[in-house]
Each structure stands twice: as structure tokens, then as C-alpha cells.
Amino acid sequence: MASLDWQRLRRLLPYLARDRRRLLLALVLLIPLALAAAVQPLLVGQAISVLRGEATLPWLVSLPAPAALRLLVGLLLAAILLRLTLQGTQLYNVQVVGLRLTARIRADLFRHALALSLRFHDRTPVGKLLTRLTSDVDALAEVFGSGAIGVLADLVTLLVIALTMITIEWRLGLLLLLSQIPVTAVILWFQGRYRKANYRVREELGQLNADLQENLQGLEVVQMFRREAVNSARFARTTAAYREAVTGTILFDSAISAFIEWVALIAIAVVLALGGLLVTDGAMGLGTLTTFILFSQRLFDPLRQLAERFTQIQGGLTAVERIGELLEQSLEITDLPASQRGALAAASSGQRRSPGAVEFDNICFAYRPDDPILTNLSFRIAPGEHVAIVGPTGSGKTTIIRLLCRLYEPQSGRILLDGVDIRELPIATLRQRLGVVLQDTFLFSGNVADNLRLDAPISDADLARLCRDLGLDPLLSRLDNGLASELRERGANLSSGERQLLAVARVAIRDPSVLVMDEATAFLDPSTEATLQRDLDRLLQARTAIVIAHRLATVEAADRILVLRRGRLVEQGTHQELRAAGGLYAQLADLQEKGLAML
């Protein structure tokens, strides 16, 4: 575990390299801060020695007692002011570095999460992923800002105090240093146990966020089916599990703090007893004993602070572990190196528009090893051909779209676009050539123009013209500010049909080579659908089109129909040919005409 922690901590070093000057300044200040802390007990002890007329430092012997006291008080104030100034400077720089560190890590985590395949996101609840991007990164910021440099400062302070004590009186100094051994052993013993408990806390927090996110997103269903009481009870159980996990960490935290206090009290008592004997016997002055009592308190201060930081440090290590687990998730879908791409792929990469020939060559795919979705699926769609894909629910229609867009990778076989394996094309090029309109439309919060434009470099004037050409003027006129109208999350202030209309428009704006539609007009009312159909007809001209349709009217217009059943291509042909064949398509068409089924 320790070696793995070190490897993950080393991953943070490139993030810190950009702020190495601030970090170096914070580290350099550790030594003067430790010296300023160590000199204060010495000055107090010397003041008591001056008052008692005992032997003092050589440069104080020649001074009268009042002058020596004034000098010592002045030096003490200077040491305190110097320490406060250096401490403030160090803390400011550490906090700045910590904030920049976490901002960079969060940005990289977000980019990595977006690059991970849908297979990863299918098995990872959104709430758990959000926990890693938010609270885990915040825990890392907290441990770096107040923990990492603080631990180094405590270690340096311990070293300086230890050397000073041994120089003044080696017997009492050695006694105090030996008292650190049981404290260190107990801290190490607690470390592993607390780490496991804190990991459980993070997991339970992730589950809590996942439950909360799911219920809020499904609020409409919760309220319509009167699930408030049932879901509240489930959430209460999740909250109880989180509370129980946190209680376990509190026990460890309080136990170690109490143990350090007891050891500190015992050590100070022993110093008082032995030091008192040495003072009585004349072997040591009262000022020196006072110095040691103050040193014994200062010696345990770093350990007390370490105990207070214990929760933060272990939480930070847990956060590093969980963040590392996410960053270590391999990217399943990536661009091939340029050296591994074929000549045809390299030549095709620079073209925005292409003929649009699509070929599935012996594709096998399964979301789970024991549940194949597509089995040895092969078909070819010629450039400009309009093909409809039909079949019963679960036959693999939507999976074909996901594989074509490289949201998933097939277990075997290959998919070709214009004769090029899509794995050899840059992902940006592939998805630029594909225009996809899904049945479930997703709109981002922001204005209408941003949702239509997305990554397309289109000016406002060109965007307005394209919207007029696509017949969006009636929709835009109903909105308060037209293209500048703000949309709520997921476009909640629009109807389903209006959202679908915008989804079709933002695909048309990109001028794709292949148009893929998953029942694109499913949520449109008849009048809106009639308006849109004219624009769709223009959009489909000279383009390859793949339509997943459930309505007979949509399927009949296709040049060819592919019929799937259990992931296999069982029929293909025109509407008339398939009806005449009397196979699965004819059965589905007959059922739909009777209003008993969808294609």
C-alpha cells in the first residue's frame, strides 16, 4: 500500500512543477520558522536565569540584570514577530499552490472522465463519479494546504528542538526524545485502520450522492407513482450507512488525540521530577529546567498538530487513491498513432465531406460476456442510400449506432466508412462526418445559439440564416430572445417536440456525410412533423441515411430495409419485397397496421 501511495503521490509532482517557485519558498521558510520556534523557550529560560543570578550565555554575563532582561524581551518579541511573518507568508503560498494543484487535477479528471467509453459510465453511477470530482479533490486540497507542508514543518521543528535539547542537557533531552517512540508506533498502528475506515466513508458518500442524483433526476416519476415515502426510506438507509462509516473514523481520531495528550503529560511530569532533583542538587539551574519544560510542550505540539491533521492526511491519501483509480482507468477508445493508420485513412482524414459508404463486416458485440447483442452482423450501405433498420425490442438497432460512432468497440469484426476502418480514422473526423439525432434529446443549459452551434465555428449571422432555412423561425419567435433565449437544464423550458426540432437542426448545421436518426420525429406533433419533413428531405439529399424507425410510414420511404432479430440480420429488401416475402417484417407490419405493435 505504501509503495502504491508513493507512486500515486509522484503523479502529483507534474502538477506542482508549475508552481515550483512558490513551493520552494514555502520549503525554504521551514528552517527559519523552526529556529524561531526553538529560540523562544531558550530566551524565556535565560530570563529566569538572569533573575536568579545563575550562569547565563556569555554575551549576557557582562550586562546588568535590567539591561539583560530588556535585551531578552526584545529578542523574544522579534522572534515572535519573525515567526508570525514567515508563517503567514508560508501559509499564503501553500494555499495558493494547493488551490492551483486541485484546479488542474479536477480539470484533468473531467477531461479523462469525458474520454472514458460509455462502457465505463454504464457501470459507474453519476453520483459516485461526481464525488471523486468534487469532495475527493477538495480533500486533496485540504491535506496539501494544511497537511503536507505542515507535516514537513513539524518534522523540521522536532529535529531543531531535539538538537537544541541534547546540546543543553543531554540526559533530559534523551528522555524526552524516547517518549516519542510509543507515540510514533501508535500513529503508525492507527494509520492502516483509519485508512480503510476513511475509504469506506468515501464510498458511502459516493452512494449517497448517487441516490440523491437519481431521485432528483427522476423526480417526475417519483411524484407520479407516489414513491416519496419509499425512496425517502431508502435514502435514510444510505444516510445511516454513511453516518456509521463516519463514526468509525471519529473513534480513531479521538483515540489518537487522547493518547498523545496522556504521553505529553507523563513526559512533562517526568521532566519536572528529574529536573527538580538536578536543580536541588545544584547540577542544573532553574532557568535550564524552565527551558526544558517549555521544550517538552513544544516537542509535543507537532505531534498534537499531527493528530489534528491525522483525519485530513488520511482523507487526503484516500482521495489520492480514489483519484488515482479514476485516472488509471484505461481509455478504451482512442485514436491510433499516425504511423499505424493506412494510407487511405490518412488521405481521408483531411476531408470534411465524404461519399458516406458504411459497411459492417462480421461484427460481434456484447455489453456483457454472457449476453451477445450482435452476432456476425454484416451489411453494406452504398453512398447516398437511405436504409431503415427495424426489428423487435432488444434486437440491437441502437447498438449499431453506438458502434458506428465508436462509443463502444466491437469484440470482433470491423466497421468501414468509405472503405476505411473507423478505428484508423481520428475520432474527431469520424464524428464530424456522422450526424446523429437520437430519440432522447439532450440540451445543455445555456442559450439556444450555443446548443445549436456546440463546436461548429459558425457566426451569428450564418446561424440565423441556417435557422430560417430549416424552418425554425416559428419556434424562435415563441421564445423571449430568439437564439439568445436561455435554456434550463436539459432544455426543461421547452416541449419534447421543440427539443427534438433543435436536435435535428444542430445536426443539419454540421453538414454530415452520414445521417443517423433514431426515430427523430417521434415527439413531434403532426403539424410540426410536416414542417420538419420538408427540411429533412432536403437534408437527406445526396447523403447516406440510416434510420431506426418504429412507424410504417417512415420505413416505407427507405431505399432498403434491414430486419434484425436477436442481433442477426434476418431479412433485407424494399418494403414491397419484404411484405411479399411474408417473413418477420411482414408480421411486424401487419401487427402495426392493426395497432398492436411497433416496428
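The values are calculated or read from the model by the stated rules, or taken from the named source; none is laboratory data. Since the model is a prediction, treat every value here as computed from it, not as a measurement. Every residue, glycine among them, receives a Cβ derived from its backbone with ideal geometry; neighbour counts consider all protein chains shown. Note: areas computed on protein heavy atoms with side chains; ligands, DNA, RNA excluded. Shrake-Rupley method; radii C 1.70, N 1.55, O 1.52, S 1.80 Å.
Miscellaneous remarks
- From the options Leu502, Leu479, Leu472, residue that is on the phi < 0 side of the Ramachandran plot, of a type in the set (A, V, I, L, M), under 37 Å from the mean Cα position of the chain (by Cα) and open to solvent by less than 20 Å² (accessible area, probe 1.4 Å): Leu502
- Given (1) polar (S, T, N, Q); (2) modelled with pLDDT of 85 or more; (3) under 30 Å from Thr102 (Cβ atoms), number of the condition Gln411 does not satisfy: (3)
- Candidates in the stretch 414-431 are the residues that are surrounded by fewer than 18 Cβ atoms within 10 Å (Cβ to Cβ) and touching a strand residue (DSSP E or B) at 6+ places or on another chain (Cβ under 7 Å); of these, the one that is modelled with the lowest pLDDT is Asp421.
- Filtered residues of the stretch 96-117 (kept if more than 17 Å from Asp136 (Cβ to Cβ) and open to solvent by 80 Å² or more (accessible area, probe 1.4 Å)): Arg100, Leu114
- Looking at the stretch 165-225, the helices (runs of 4 or more DSSP H) lying wholly inside it that each contain 3 or more residues that are touching a residue at least 24 places away in the same chain (Cβ under 8 Å) sit at 170-178, 180-217.
- Within the stretch 146-169, being buried (at least 18 other Cβ atoms within 10 Å of the Cβ), closer than 24 Å to Leu29 by Cα and over 39 Å from the mean Cα position of the chain (by Cα) holds for Val160, Ile161, Ala162, Thr164, Met165.
- Gln46 at pLDDT 80 or above, assigned to a helix (DSSP H, G or I) and either in contact with a strand residue (DSSP E or B) (Cβ under 6 Å, 6 or more places away or on another chain) or more than 21 Å from Leu99 (Cβ to Cβ) (or both): no
- Residue list for the stretch 177-206, filter: under 30 Å from Thr238 (Cα atoms) and aliphatic (A, V, I, L, M): Ala197, Val201, Leu205
- Test: residue in the stretch 517-528 that is within 23 Å of Ile400 (Cβ to Cβ) and at pLDDT 75 or above: yes
- Within the stretch 259-306, the residues that satisfy the criterion of being in a loop (DSSP other than H, G, I, E, B) and touching a helix residue (DSSP H, G or I) at 6+ places or on another chain (Cβ under 9 Å) are Ala283, Met284, Gly285.
- Being buried (at least 17 other Cβ atoms within 10 Å of the Cβ) and under 30 Å from Arg566 (Cα atoms) is a property that holds for Val437.
- Leading residue by the ranking (modelled with the lowest pLDDT) among those in the stretch 118-145 that are over 19 Å from Leu205 (Cβ atoms) and surrounded by 17 or more Cβ atoms within 10 Å (Cβ to Cβ): Gly145
- Among the residues of the stretch 74-95, just one is aliphatic (A, V, I, L, M), open to solvent by 20 Å² or more (accessible area, probe 1.4 Å) and at pLDDT below 85, namely Leu91.
- Extreme residue, least open to solvent (accessible area, probe 1.4 Å), among residues of the stretch 229-246 that are among the charged types (D, E, K, R) and more than 10 Å from Asp211 (Cβ to Cβ): Glu244
- Scanning the stretch 170-200 for residues that are surrounded by fewer than 18 Cβ atoms within 10 Å (Cβ to Cβ) and more than 30 Å from Gly248 (Cβ to Cβ) returns Trp170, Arg171, Leu174, Leu177, Leu178.
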